[in-house]
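The values are calculated or read from the model by the stated rules, or taken from the named source; none is laboratory data. Keep in mind it's a predicted model, so treat the numbers as computed, not measured. A quick note on method: Cβ atoms are made from the backbone with ideal geometry, for glycine too, and the neighbour counts reach across all protein chains shown. Just the protein is used for accessible areas: all its heavy atoms, side chains included, with ligands, DNA and RNA removed. Shrake-Rupley method; radii C 1.70, N 1.55, O 1.52, S 1.80 Å.
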Amino acid sequence: MESSQGHGDDEAKTETLAVILAAAPEASQTSRQELLEQLQQCQKQQRDVNLMLHTVTQDSRCRLCPEKWLWWMGRCYFFSVGLQENRQWNESAEFCRRHNSSLVVIEDSAEMDFIQGVMRNFSQVPFLWVGLTDAKQEGQWLWGDGRAVQHYMQVMVEWDSDHRDCADLRGGTSLFAADCEEYGPWACKKEY
Ligand SMILES: *[C@@H]1O[C@H](CO)[C@@H](O)[C@H](O)[C@H]1NC(C)=O
Ligand SMILES: *[C@@H]1O[C@H](CO)[C@@H](O)[C@H](O)[C@H]1NC(C)=O
Ligand SMILES: *[C@@H]1O[C@H](CO)[C@@H](O)[C@H](O)[C@H]1NC(C)=O
């Protein structure tokens, strides 16, 4: 914040100096020389600030999410589609856990839109495992954080039956019950 403020000040100074130089053709040779030197000094500072900002933003310590994870609204998301690998639901959940995250829990329609947008961008993704299961008690769908399926949004899980205990997300914001042992891509989420 401070450096961008300083940057703005430099620009303002440079402009002011340029105006003074233009408006004072009769100023003595010495003072013109001084003003020019100040102007050059300002321009040098501006270049230094730009270089510094560039260096800082390229620094991996400033990257918000791990490499290959997407940042969205203060969270980091991993979409497995880049891996060219499909997993059963529990193995997908295990992958997320090992990366200090969880199978995605979709908390509102904006997040749903974001995930659907990513799915559209990867046209090869027919569905994604999400963190929603009724394995503990048939028909009682719970998100990975223990909340009931309807807690965040009015969503239904289609095709529910005895041996379909894991939910996947498809286009059109529908959640479908599927056999947990099916293989598919998945999405993880974590706070950064
Ligand atoms: C996932 O489930 C399968 C059987 O459905 C089991 O063989 C495997 O050990 C489980 N893996 C994990 C990480 O729980
Ligand atoms: C997960 O968190 C632990 C403890 O904070 C850390 O040591 C580990 O490096 C993290 N692993 C990944 C893949 O981020
Ligand atoms: C989808 O791809 C477009 C074009 O590359 C990009 O602008 C947009 O941000 C992407 N959307 C998501 C949700 O990743």
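Quick look at the numbers
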{"quantity": "Contour excess over end-to-end distance, with Cα ends at S28 and M153 and 0.36 nm allotted per residue", "calculated": "37.7 nm"}
{"quantity": "Solvent-accessible area, 1.4 Å probe, carbon plus sulfur percent, for the range 70-191", "calculated": "48"}
{"quantity": "The range 70-191: relative contact order as a whole-number percent, Cα under 8 Å and 6+ apart", "calculated": "39"}
{"quantity": "Gain upon complete extension [S123, Q41; 0.36 nm per residue less C-alpha separation]", "calculated": "24.2 nm"}
{"quantity": "Distance (nanometres) between label positions extended 7 Å along Cα→Cβ at N90 and D160", "calculated": "2.2"}
{"quantity": "Gain upon complete extension [L64, S102; 0.36 nm per residue less C-alpha separation]", "calculated": "11.9 nm"}
{"quantity": "Packing-based order for 35-42, 96-103, 184-191, 130-137, using average beta carbon neighbours within 10 Å, highest first", "calculated": "184-191, 130-137, 96-103, 35-42"}
{"quantity": "Rough spin-label spacing in nm, given labels placed 7 Å along Cα→Cβ, for R170 and M73", "calculated": "2.5"}
{"quantity": "Overall dimensions of the range 70-191 by Cα: Rg and Dmax, Å", "calculated": "13.0, 37"}
